[in-house]
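Below is one structure, written out as structure tokens; the observations come after it.
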Amino acid sequence: MSALLEVSGISVSFDGFRAINDLSLAIGERELRAIIGPNGAGKTTFMDIVTGKTRPDSGRVLWGEHFIDLVGMDEARIARAGIGRKFQRPTVFEAQTVEENLHLALRNPRGPFAVLFSRRRPEDAARVAAIATEIGLAEELPRLAGELSHGQKQWLEIGMLLAQEPRLLLVDEPAAGMTPAEREHTTALLRRLAEHRAVVVVEHDMEFVRRLDCRVTVLHEGRVLAEGSLDHVTSNPEVIDVYLGR
Ligand code: ADP
């Protein structure tokens, strides 16, 4: 598998504390990857660096077949380059329907009042339908987003990210707060999404990670502690020590 994202030797300190410590990690095209690790391991900071929110003190973040270094690029440009990030809290437009939310995402309006005057373009209807099917919300298109369940809102937000056609999606704790049925839907959705783009999932819930059935990277103290199948990494004595806090 050729690497789509290759993070090489990145470090970043906050007030002298090394949150990321010479971290190297590669994600392949259409790979599904889980990143786990105890609190403070550097998972959020890693995503902040990849998306341009935090600039590393050193190291490179190489992107795509031309190995473009994303370090120093602003967040909007990195998003346009094809990296989408799903935060934990859904931020859909609650007073708009699912369909309107997807139309809005396709128009990608800018500015706080964009929602007021940019609704839909007829030529986007087919893409809206395709995205709604991909996220499993085709039946919910006429409903107000505010009436959706927590899980459905999360899927809608993923759909809104898909409108930007990312080649890499970073997803922060997708299963948090979900019912068992929603978690199952989310597992299937993430696996399906990774058939067409790379998906990196940061997750605490081991049972959820097990169901994703993908390569796992364990972060600890800002570096990679172990990588491989979940069974492989969880049988690593260092990983066991870290999780049991010894
Ligand atoms: P995780 O997401 O794995 O829980 P984080 O990336 O949030 O870990 O944090 C890694 C470490 O860096 C933590 O010790 C955290 O307190 C510290 N940290 C993260 N961001 C900042 C910041 N902006 N200022 C100071 N310390 C930070």
- Query: Can you give the charge dipole size of the chain about its Cα centre, rounded to the nearest 20 debye, using +1 on the beta carbon of Lys and Arg and -1 on the beta carbon of Asp and Glu?
  - Reply: 520
- Query: Can you list the residues, at least 5 places off or on another chain, whose amide H is less than 5 Å from the amide H of Lys86, using H built in the peptide plane?
  - Reply: Leu170, Val171, Asp172
- Item | Helical contribution to [θ] at 222 nm, DSSP H n ≥ 4, -39,500 (n - 2.57), averaged over the chain, rounded to 500 | -10000 deg cm²/dmol
- Once Asp69 and Ala95 are pulled to full extension, the length gained, defined as 0.36 nm per residue separation minus their Cα-Cα distance, is 5.4 nm
- Item | Net length gained if the chain between Ala176 and Arg192 were fully extended (0.36 nm per residue, minus Cα distance) | 3.8 nm
- Task: Convert each backbone phi in region 101-106 into a coupling constant with the Karplus relation 6.51 cos²θ - 1.76 cosθ + 1.60 (shift: θ = phi - 60°), then list the ³J(HN,Hα) values in order as whole Hz, x for Gly and Pro.
- Result: 4, 5, 4, 4, 4, 5
- Item | Reachable lysines, given that their alpha-carbon falls under 22 Å from the alpha-carbon of Lys43 and they are not under 8 places away in the same chain | Lys53, Lys86
- Item | Cβ-defined net charge surrounding Arg215, 10 Å radius [Lys, Arg +1; Asp, Glu -1] | -2
- Note on the structure: Expected vector for region 82-93, Karplus 3J(HN,Hα) from phi with 6.51, -1.76, 1.60 and θ = phi - 60°, integer Hz, x for Gly and Pro, equals x, 10, x, 10, 9, 7, 5, 7, x, 10, 7, 7
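Taking 0.36 nm per residue of sequence separation and subtracting the Cα-Cα distance, how much length would be gained by fully extending the chain between Ile240 and Arg80, in nm to one decimal? Write out the running numbers ahead of the final one.
Working: separation 160, 0.36 × 160 = 57.60 nm, distance 3.91 nm.
Working it through step by step, the gained length comes to 53.7 nm.
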- Mind listing the long-range amide H neighbours of Val224? Cut-off is under 5 Å, sequence gap 5 or more, other chains count too, H placed in the peptide plane at 1.01 Å from N. Ser24
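Could you tell me which chymotrypsin sites (Phe, Trp or Tyr not before Pro) in region 1-103 are loop residues by DSSP with no more than 11 other beta carbons within 10 angstrom of their beta carbon? Mind showing how you got there, number by number?
Working: sites: Phe14, Phe17, Phe46, Trp63, Phe67, Phe87, Phe93; in loops: Phe67, Phe87, Phe93.
Counting only loop positions with at most 11 other Cβ atoms within 10 Å, the chymotrypsin sites (Phe, Trp or Tyr not before Pro) in region 1-103 are Phe67.
Loop-only GluC sites (Glu not before Pro) in region 166-246, please: DSSP not H, G, I, E or B, and at most 11 other Cβ atoms within 10 Å. Could the numbers behind the result be given before it?
On the way: sites: Glu182, Glu184, Glu195, Glu203, Glu207, Glu221, Glu227, Glu238; in loops: Glu195, Glu203, Glu221.
Hits after loop and neighbour filter: Glu195.
Quick note: the coordinates plus some simple rules give every number you see, no bench work behind them. It should be emphasised that the depicted structure is a prediction, and the values quoted were computed from it without experimental measurement. Every residue, glycine as well, gets a Cβ built from its backbone with ideal geometry; the counts of neighbours run over all protein chains shown.
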